[in-house]
1. Rounded, prolate or oblate: which fits region 194-310 when a ≥ b ≥ c are the square roots of the eigenvalues of the alpha-carbon gyration tensor, with rounded for a/c under 1.5 and prolate only if a/b beats b/c?
2. How long are the semi-axes of the ellipsoid equivalent to region 33-171, from square roots of 5 times the Cα gyration tensor eigenvalues, in whole Å, largest first?
3. Could you pull the Rg and Dmax for region 557-618, using just the Cα atoms, both in Å?
4. What whole-number volume per residue, in cubic angstrom, does the convex hull of the C-alpha atoms of region 1-85 give?
5. From the square roots a ≥ b ≥ c of the eigenvalues of the alpha-carbon gyration tensor of region 465-612, which class results: rounded (a/c under 1.5), prolate (a/b over b/c), or oblate?
6. Using r as the Cβ-Cβ distance of D533 and R282, and R0 as 35 Å, what FRET efficiency do you calculate, to the nearest 0.05?
7. Carbon-plus-sulfur fraction of the accessible area of the chain, 1.4 Å probe, in percent?
8. Taking 0.36 nm per residue of separation and subtracting the Cα-Cα distance, what length does fully extending A52 through S117 add?
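The values are calculated or read from the model by the stated rules, or taken from the named source; none is laboratory data. As the structure is a computational prediction, the values presented were derived from the model and not from experiment. We place every Cβ from the backbone using ideal geometry, glycine too, and count neighbours over all the protein chains shown. SASA here: full protein model, heavy atoms, side chains in, ligands and nucleic acids out. Shrake-Rupley method; radii C 1.70, N 1.55, O 1.52, S 1.80 Å.
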Amino acid sequence: MCGIVGYVGNKQALDVVLEGLRRLEYRGYDSAGVALAVDGTLATAKRSGKLANLEKTLAETPLPASTTGLGHTRWATHGPPTDRNAHPHLDTAGRVGVVHNGIIENFAQLRSELEDSGVAFESDTDTEVVSHLLAAEFGSPGVGHDLAEAMRRVCRRLEGAFTLVAMHSDVPDAVVAARRNSPLVVGLGDGENFLASDVSAFIGHTREALEVGDGQVVEITRDGVTVTDFAGRECQPGRYHVDWDASAAEKGGFDHFMLKEIAEQPKAVADTLLGRIDEAGRLHLDEMRLSDDELRDVDKIIVIACGTAFHAGLVAKYAIEHWTRVPCEVELASEFRYRDPIVDRQTLVLAISQSGETMDTLMAVRHAREQGARVLAISNTNGATIPRESDAVLYTRAGPEVAVASTKAHLTQLVACYLVALYLGQLRGTKWGDEIRWVVRELAELPAKVEHVLQTVQPVRDLAASLRDKGSVLFIGRHVGYPVALEGALKLKELAYMHAEGFAAGELKHGPIALIEPGVPVVVIVPSPRGRDVLHDKVVSNIQEIRARGALTVVIAEEGDDAVKPYADHLVTLPECPTLLQPVLATVPLQVFAAEMARLRGFDVDQPRNLAKSVTVE
Ligand code: AGP
């Protein structure tokens, strides 16, 4: 995600834009930049790093006054977070300025066409193609000086998800924007109007807003707002009054960033899949920068990670071994290099890290590389240390995760691991085309299924209330349900400061079942009955065993799984889903359960005690 602001009015545009960017910085802070319309030109400033870097630059080298401007705070997807990759991006003549949130899937082809026509690019970003395309359209027959029409023509050539905001020096009293599958709102003022990624950017100036629809182009001037679709047909967007306070607005109206990030999971999963699977169901992970031969040469995979990322790695093991037949170990990064691991050139190390800065994982990566392994990072932070020190990277696209407890980043880690495993299976021929297409179809259904789970979790919140005074909660699962049990226990520990423990269900009889006494809550993750039925039946037996000893059973099972109903004191149902992909759905109720328990117990949901978002010490 990135933060975008546009303004036309009677105030100093720079002040309004910077204030908006401050409120949007939670959406991304890799770099920041502004552009202002000044005397027939565009005055710009942009810097990598947090907004404070840009403000320092502006204090040292002020921009001229202007009442029209735009700004951007970046969460990098294409191109590391450097000054030259910071937005806004200009055309060659410096007369068009563009800021962008999203992913332009066909940017490489568009860039190639532009370069063939002699355009020289300044940056590595996908966004810059829009600057040059707008410059080419502006002033052309049928467009003239209509920047909105130029934007409509450009949008019709773009694939992917985007919010674009643009200015042209020849039209100093207007700012134009467009959106497809990415947020954009309009703020309506008196003699001034605003564009932004969300209302928090302008809530200090106006609470009157327009919700811009998908596939629409907006033009704002100080006196008016015009909205059309990409074909130029006039639209009438819905107008609404924002009654949130500024802080709530940054959280999108949620009480906590964690709740907002849980709610963002369908889009995070969809974004992580975007552009990586073609219509024929073949995977394209060229961005990984590992050659097919290098990947075919791999004879062992070691996943290294910490905490929640480690749990994603445990799930990855099942998928990797099932789809690629390559042996896969999963190691806690803090343990990896001290156990004198057997690593060589044919070892592929998968380093999973949301922040890309976790010191335990970074040290493990360095050790693995010293031993000759190839390292593929799966990270949510473009340009972070671990991706930079790895041979290759596959970025998740969860957007900045502000809450310390990882949620949407975790689900996208699972999806990224599935993509890597499938890609290896496709490459090594251990999965046939039709098998891969089947899994790909199931992956494509995950965003909607996660959304369905989110719409049906109220019983989970009620359950948290009924268990709030319990001293301990146990979690059990088999196969990929076991890492889910571990993740559920971790969430409850780190958020509600409650003792919780995850077990492999098959391990109960080897000791932990001694913990079961009347009233002990046990959360059971039940595999799909349509998958490997032996797995399902054994978990049902485990539920009977603990129920017989008085456990209070909280069963998470697939809709229609009648076998579990007689033994479930509380039943949480999930949409149908293939066994290996079920963690993407089963984890969600456990996130909600832990967040609600923390709220009920009066703890800080976003910043639990003793924890940090990124643990940069060993
Ligand atoms: C998860 O809720 C925790 N915040 C923690 O376990 C986290 O997953 C772990 O520290 C790894 O962080 P990383 O993904 O940034 O490397």
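1. oblate
2. That gives 23, 19, 12 Å for the three semi-axes.
3. Rg and Dmax of region 557-618, Cα atoms, are 16.3, 48 Å.
4. Per-residue hull volume (Cα only) is 84 Å³.
5. prolate
6. Efficiency computed from Cβ-Cβ geometry: 0.65.
7. On the chain, the fraction of accessible area on carbon and sulfur atoms equals 49 percent.
8. Once the chain is fully extended between A52 and S117, it gains 19.6 nm.
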